[in-house]
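In what follows, a single structure is set out as structure tokens and then discussed.
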Amino acid sequence: MGITIKNQQQLEGIRKAGRIVAEVHNTIGERIQPGMTTRAVELIAKNIVLARGGKSATLGYGGQPNPYPGFVCVSVNDEVVHGIASDRFLFDGDIVSVDIVVELNGYFADATMSYAIGTISQRDEELMEGTKLALSAGIAAAVEGNRVQDISEAVSKVAKQFGLGVVRDLVGHGVGLKMHEDPQIPNYVSRGPSPRLRNGMVIAIEPMLTTGSWRVETANDGWTVKTFDGSNAAHFEHTVAINPGGPQIMTRL
């Protein structure tokens, strides 16, 4: 479909969807704890999104024969993305990544946060810190006139500083009028297209980093993407609008 430049009405619609996403993450951050199931985490999100008049953009995504069955994605430890909520319990030391895409009146906003359950290992603390800093660096590079590659370089530089693997099979993307739009936003420096960032573009920047290899595989459920070597992963993401005054995070209250 090419890159879509959003007008003010569209940006405001995306911002409203983003506020719901932010509310969900704030609430999960307050409530998540050892002994919860991943389904209970999903239910927090579902109750808030529906109460605010929103919809899940992931539920049913992909269509037949294997539509995604979750209202949100809940991924634990070596699961990078697209984990499916279940009766699995969360334990002290786990890392849980919750990816939420809300549709509100035809507009989409997307954000992911990783949460530490109880006390995690020092290396996992470094993983969490490094991934958050990589997201911040990527957002800082999302300025009008820069190119997509500037975001990729910023993210990969932080990952290298922390000695973290950068998942290559999954990338950030345009968002707003659909869940996935052009352009792709890799977290590593590639030889692919690197369009210039323009006022009105809206993108999802989402570092997915690991304590081991960047290689991943898909589980038997056809959705859950896991690290190939069993190392833990973290995932942080915001929906960001390119603005003359600097990047505008749409998935914060």
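What follows draws every value from the coordinates through simple rules; no lab data is involved. These numbers were taken from a predicted model, which means no experiment stands behind them. Here the Cβ is made from the backbone with ideal geometry for all residues, glycine too, and neighbour counts use every protein chain on show.
Just a few scattered comments:
- Zone residues, the range 175-202, relative to Arg215, backbone N less than 20 Å from point 7 Å out along Cα-to-Cβ: 187-189
- Stokes-Einstein D (µm²/s) once Rh is taken as the Kirkwood radius of the range 124-253 over alpha-carbon pairs, at 20 °C in 1.002 mPa s: 145 µm²/s
- GNM on the chain, alpha-carbon springs under 10 angstrom: the most fluctuating residue among Leu50, Leu104, Leu177 is Leu50.
- When DSSP beta bridges are restricted to pairs lying wholly in the chain, around 100% turn out antiparallel.
- Candidates per trypsin sites (Lys or Arg not before Pro) in the range 158-253, loop by DSSP, up to 10 other Cβ within 10 Å: Arg191
- Projected onto their three principal axes, the Cα atoms of the chain cover extents of 45, 42, 36 Å, largest first.
- Based on the reciprocal of the average 1/r between different C-alpha atoms, the Kirkwood radius for the range 106-171 equals 13.3 Å.
- Under 27 Å from Lys226, Cα to Cα: lysines that are on another chain or at least 8 residues apart: Lys46, Lys55, Lys132, Lys157, Lys160, Lys178
- Distance between the range 137-167 and the range 176-212 - C-alpha centres, whole angstrom: 10 Å
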